[in-house]
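The values are calculated or read from the model by the stated rules, or taken from the named source; none is laboratory data. Keep in mind that this is a model prediction, so the values were computed, not measured. Using ideal geometry, Cβ is built from the backbone for each residue, glycine included, and neighbour counts are taken over all protein chains shown. Remember, those area values only see protein heavy atoms, side chains included, never the ligands or the DNA or RNA. Shrake-Rupley method; radii C 1.70, N 1.55, O 1.52, S 1.80 Å.
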Amino acid sequence: MKGRVFSGARPTGRQHIGNYLGAIQNYVKLQQDYECIYCIVDVHALTTLEDTDKLQENIREMMHDWLAAGLDPQQSILFVQSHVPQVMELHTLLSMVTPLGWLTRVATFKEKARLQPENINYGLVGYPVLMTADIVLYKAETVPVGEDQLPHLEVAREIVRRFNNIFGPTFPEPQAKLTDAPIILGLDGVNKMSKSLNNEIELAASPEETRERVMGAFTDPERKYRSDPGHPEVCNVWRLHHHFTKNHDQVDVIAQECRDALRGCVECKEQLAEGINRDLAPFRERRAALAASPQYVEEVIADGARRAHAIATETLREVKERMGLI
Ligand code: TYM
């Protein structure tokens, strides 16, 4: 039997190259060898109460990106979290075996609490418990994510261990699976690429928009003039070249020319924008075709919920039995 993979992502609308390189490319690859379940986590998105009026639109934008990137609804289950409400029941049940201290010490919780001091809600504290429920509802062993999700996965493993200890072996301990780009920094060259920081390059951007965004990227902060020797190892544009320059020897040539001040940052960014636009051209074509068939995307979403529902019902029954509810 094939092993099971689960991953989720918040409906932030159009996905960026950080989501793609950090997670989506693994979602696509894993489809060949695993039974994969991928979920757009709309309930998690409510922890920040941002853009709730755009939630439906954002879910669909994201599903377009996933499908255009190569997620195949014939092979994998693609669905929206709230369409399979058993996850909320399981969240409540798992919360009973989760000490509060495990949740309040999570760095992402502390960071969110700092960013939204006026809205430190209960859902924010329970975020990793809901994530655990997402994963174990489908008894997934492998969870492709970017590096920022590792602390949440650690909590998930702790909850699973505790549950299995108390009620007997029920869930596999989920293992994170990183890509070779576990964290992509944004155009500011300092922070993780993220829509909330407005430092992203969207996969679905037009070639012109992409070029404009890339030309605004920060490079080596110590290099003021073109005649100054550059430091590629601290430059995020050079790092991004690793993913969008086909020939890897070329990446070394770029670094040497930068160090020798033979190449300027403008030229370097132009080449990066070209590489991104070249690599994403087939994706963008597929995405445009999908946008012309909205009914198909609705069918994918409805079919995903149906298939996820069947597995979820089975697991929840088993959990209730083990916990003495049935
Ligand atoms: P989210 O929506 O923030 O991100 C979705 C996926 O993209 C990865 N990612 C990145 N990787 C590298 N560099 C970046 N700049 C970058 N930005 C985002 C994330 O690591 C993630 O894999 N809590 C999760 C969603 C979730 C989930 C789950 C994940 C809910 N339930 C169960 C796995 C399993 C989140 O907010 O991801």
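The single condition from (1) among the β-branched types (Val, Ile, Thr); (2) touching a Lys or Arg at 6+ places or on another chain (Cβ under 8 Å); (3) open to solvent by 70 Å² or more (accessible area, probe 1.4 Å) that ILE166 fails is (2).
Residue-level check: of (1) of a type in the set (A, V, I, L, M); (2) closer than 26 Å to ASN191 by Cα; (3) in the same structural domain as ALA68 (by TED's automatic domain parsing), VAL234 misses just (3).
Within the span defined as the stretch 315-322, every residue fails to be open to solvent by 70 Å² or more (accessible area, probe 1.4 Å), assigned to a helix (DSSP H, G or I) and farther than 30 Å from ALA133 by Cα. Checked against the criteria, GLN175 does not count as in contact with a strand residue (DSSP E or B) (Cβ under 8 Å, 6 or more places away or on another chain), open to solvent by 10 Å² or more (accessible area, probe 1.4 Å), assigned by TED's automatic domain parsing to the domain that holds ALA305 and near the ligand (Cβ under 9 Å from one of its atoms). Within the stretch 137-163, the set of residues being under 13 Å from VAL319 (Cβ atoms), open to solvent by less than 10 Å² (accessible area, probe 1.4 Å) and touching a strand residue (DSSP E or B) at 6+ places or on another chain (Cβ under 9 Å) comprises LEU137, TYR138.
Counting only strands (runs of 3 or more DSSP E) that sit completely within the stretch 1-84, those holding 3 or more residues that are open to solvent by 10 Å² or more (accessible area, probe 1.4 Å), in contact (Cβ under 8 Å) with a residue 24 or more places away in the chain and in contact with a strand residue (DSSP E or B) (Cβ under 8 Å, 6 or more places away or on another chain) correspond to 4-9. Scan the stretch 180-195 for residues that are more than 8 Å from the ligand (Cβ to nearest atom) and either in contact (Cβ under 8 Å) with a residue 12 or more places away in the chain or surrounded by 18 or more Cβ atoms within 10 Å (Cβ to Cβ) (or both) and the total you get is 5. Scanning the stretch 260-276 turns up one or more residues that are within 14 Å of ILE17 (Cα to Cα) and within 16 Å of the ligand (Cβ to nearest atom).
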